[in-house]
Amino acid sequence: MADRRRINGPPAGTRPPVYASLKESKTGVSERTLRQRQPTELRKFYLKTGMIPTASGSSYLEFAPSAALAAARSNPKSLIPPSSALKVACTVHGPKPLPRSVPFSPNLLLTTHVKFAPFAARKRKGHVRDTTERDLGVHLETALRGAIIAERWPKSGLDITLTIVEAEDDRWWGDAPDSHDASWGMLNVLAGCITAASAAIADAHIDCLDLVSGGVAALVSDDASTAPRLVLDVDPAEHRSIQSACVVAYMPARDEITELWLKGDSSRAALEKSDGRTGHEALIDGAVDAARGANTILTDAVRESIARSFAQV
Amino acid sequence: MSNQRQASSASQVPHLSPAELSYLYTSLSLPKNPIRPDGRSPTQFRPLSAETNILPGTNGSARIGFADGTQAIVGVKASVEKTILAADTLDSRSLAQHGDALNREGEEGSAAVSGQGEWVQMSIEIPGYRDDDALPVFLGEMMRESLVGSVAGGSEEVKEMAGGLKGRLVINKRWHWRLYIDVLLLSQPLAYPLPLLSLTTHLALLSTKLPKLKSTGEEDPFFDDDWAVAEYLYPRSNKQSSPSDAPTYPVRPPVTLLVIAVGENVIFDPNREEIAVADAVLAISITRSSDSENMKLLSIRSIDPPSRLTQPGIPNSENVNMLGGPPASSNQSGGQEEVGGVWRPRRGGVQRSVITRMIKTVLQKGGVGEEVIQGLEGVKVE
Amino acid sequence: MPLDTSTTYPLTKLRLDGRRWNELRLLQAQISTNPASSGSSYLSMGNTSIMCSVHGPAEGRRGDGGSAGSGHAVVEVDVNVAGFAGVERKRRAGGSDRQSTRIATTLRSTFQSHLHTYLYPHSTISIHISVLSADGSLLAAAINACTLALVDAGIPMPGLLCGCTAGMSGSASTPRDPRHDELDPLLDLSLPEEQELPSLTVATTTVVPVGENNMDEDEETMKVSVLSMESKVHATYLETMLAVGIDGCSQIRELLADVIKGSRR
């Protein structure tokens, strides 16, 4: 739907001018930064709760910028901006009474609202939520509803709002727009949203079965000859192509998955001979491992939140 | 507001009492042979009637109706569009090429030939929902994702489909087809409408024709006026043993199946009541792998099971009316235990083993996925 | 030579699609197409095809409040023109456009007065129309489809309400010359004709002949219930167009009556 209420920027974004002298020098062209982490090594991230005092619960999550990004910031060599790192703020309002128009519900009703800041992605996002944002909202709701013990708040509603301040890239920005055929960055955004929302819900003291955290695994191929291999917590900007990726929302204490989103062809995965799993099983297991990793940080952040609320009492 | 709430729970909760839910759950979770309300076997689909090419004004169309009266109509329209190399795609690498070899301009556009997922647009209309409500958006993205994602793996006989559907839409470096898939649900959905919409879209795409290209190479495209020589979007192979045989397709569009798990059982094509008691609901998109006979997985999405929103039943031990006195346990945790025959809304997620089993039932040789695809292969698309 | 009716018709006395001036397009219809609704129909006039389903009479929604609480049933009409209906794919914002809203308003007021709504107090009859392919005479086709679906739903009405379009074979902007009549009226216009020529939509109803009544009395009970014209024509032509349109309506009435009789099992 077109946004007619505001003056919008050009839909495709703009490009900074490139001067001829830069084009001729070799430094104008940079190569893709490759993944320096081990396949099973996750990125570090920062998670803190209670940043927004007006909300009943809130959290802020930020992925550590990749080494290449840090290097590029201090010593810019390339015209191509390096990869971005996810930054998400989450607020939880409620539980609060439902408006009169809503029919009786024996359970806590969740409303999830995912919104990208206009400047979050390389392509400007409008103020009206578009299909990807709505789609992410549904995924997130599925993930959270499984974790919340909803029957303890009949006739109540819970509003969860996520603002993506900086989104994950779908591809390396030096690649042509179609080299990565799908919006792989969305999977990382969803995983971050799940973890952040889980922390904010805990911060709002809503009863949950367990802390649910998000994890991503992907099958990537860095050159055309080898079969795709499995990596955890993939950064799409670091790989030539992604065959298949998967995000899960996982509760470690119950060993249960509340949300699963897998896309792409996982049949050609290069697994060890002894490994009897098929590609998609390996992907799901990998994503669960990534979610377990995220859960350790999530637990610490929630413990911090509890300590703070005790200190206030 | 209430409408949006309904939409966001991905499927409406039917008005079933806790006792009915509990009965349904028990009969569906019977080990080995679940009893479904309509007497189907776990892997049996509802009977349906289908026809294709019903609308003369579209490039391809199909209608499928279930016996319960839910019908969907899909119309596919295509238009020629100029491939816009957006400002951000002129990356510095191609700038560098400009710098040292301007005459090699022809080569650098090669990336544009592989097609873009955005060229396939899907819109779903469901009566009672706005087209930007969560349910139509979610369903549309789900089906589009597997459509544009299915890339045929390098078999030579289908060179038109080498880049999947996206690749097929490329005319040349500067022009491409844009495909509009409009899905129309003719009545309020009685069940989660995904299987209906997916099967209808599948047939509509198979019947879709594009006019024959007369121009060659990088010219501005122009087309043969004769609709009789138009080419199918999904090419058909010429080697038919007899004219009466259904034409064979080297590549077919993907199919999305709705699978639920109830207890130990995996059940396909659930109706509205069955979905209401499901422990887990998955939408699994599959297609036939082009280089082998096996089924290939394209995408999985979990769908929020409506059972999480149902009302719990109250066991007799806690029911004030039954005891005639105060309930035995008034604390909240007393209500958390499972009592046989008393409905509890589902909580938590799914075990990995359950997901694996659901996927396996779809993908295995001779499994449901193959059965569905074979059934669709039997449908003769005019 | 541009291929349009106003230039080819005087030469050949044939319209663009090969019809003579008083010929209807092929009309095909079916009722009870959708078992999930109270009544449903599918109707195609040439390349215009429409599906219609009727729900009700049923209890109205709570939100309607005062207006639904009257002694009459309330008719609700929802018109949806599919994105693939026209030649070019239409991008709709918000789901409805001017054309479909106008058709919906006309249908609502027409059927509200046509049906015996006093039989169903406090209830709602909702009609949902999907235009699958649009090739002119949309309003007329929608009226016919609605009539069939309402008959299928068993909602009492005094007679079949049938619509038809009529136009003139030229721009008809000068007064008509009775001695030297070069313009012919046209029946049942297709989309190219509708865009080029003046046209009107008329819908008539008659009391169904019961018992001794025969077709002679048809003229006396005939009532015009819709008359809509949104193009410019000289007033002297109006009578001819109306006469042709009303004649078309009676032709369509026979066709629809056959469809209804034919579907009785």
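No value in this document is a laboratory result; all are computed from the given coordinates. Source: prediction; values computed, not measured. Cβ atoms come from the backbone with ideal geometry, glycine included; neighbour counts cover every protein chain shown.
Points worth noting:
- Computed E for A:Asp275/A:Arg240 - FRET, C-beta separation, R0 22 angstrom, nearest 0.05: 0.40
- Take each peptide in B:126-137, C:170-181, count the other Cβ atoms within 10 Å of every residue, and average; sorted highest first, the result is B:126-137, C:170-181.
- Signed unit charges on C-beta, dipole axis of segment C:18-262, positive-most listed residue C:Gly56, C:Pro178, C:His234: C:Gly56
- Screening chain C for whole DSSP H helices with an alpha carbon extent of at least 27 angstrom along the helix axis and a mean Kyte-Doolittle hydropathy of at least 0.5 yields C:238-262.
- In the structure shown, the pairs B:Lys82/C:Lys90; B:Lys209/C:Lys261; A:Lys125/B:Lys166; A:Lys125/B:Lys209; B:Lys166/B:Lys380; B:Lys77/B:Lys173 are assessed against 27 Å; a Cα-Cα span above that value is assigned to B:Lys209/C:Lys261; A:Lys125/B:Lys209.
- Shape call, segment A:38-312: gyration tensor on alpha carbons, a/c limit 1.5: prolate
- Tensor-based shape of chain C (alpha-carbon gyration tensor, a/c under 1.5 rounded, otherwise prolate or oblate): prolate
- Applying 1/(1 + (r/R0)^6) with R0 = 35 Å to the Cβ-Cβ distance of B:His15 and A:Ala117 gives a FRET efficiency near 0.30.
- Likely footprinting exposure, B:Thr83, C:Thr7, fewest C-beta neighbours within 10 Å first: C:Thr7, B:Thr83
- ³J(HN,Hα), Karplus 6.51/-1.76/1.60, whole Hz, each residue of segment A:194-208, x for Gly, Pro: 4, 5, 5, 5, 4, 5, 5, 5, 5, 5, 7, 6, 8, 5, 10
- Cβ-to-Cβ counts within 10 Å put A:Lys263, C:Lys261, A:Lys155 in ascending order as C:Lys261, A:Lys155, A:Lys263, the fewest first.
- Residue exposure sequence - A:Trp184, B:Trp119 - by fewest surrounding Cβ within 10 Å: B:Trp119, A:Trp184
- Cβ-based net charge around B:Arg40, under 12 Å, with every Lys or Arg adding one and every Asp or Glu removing one: -1
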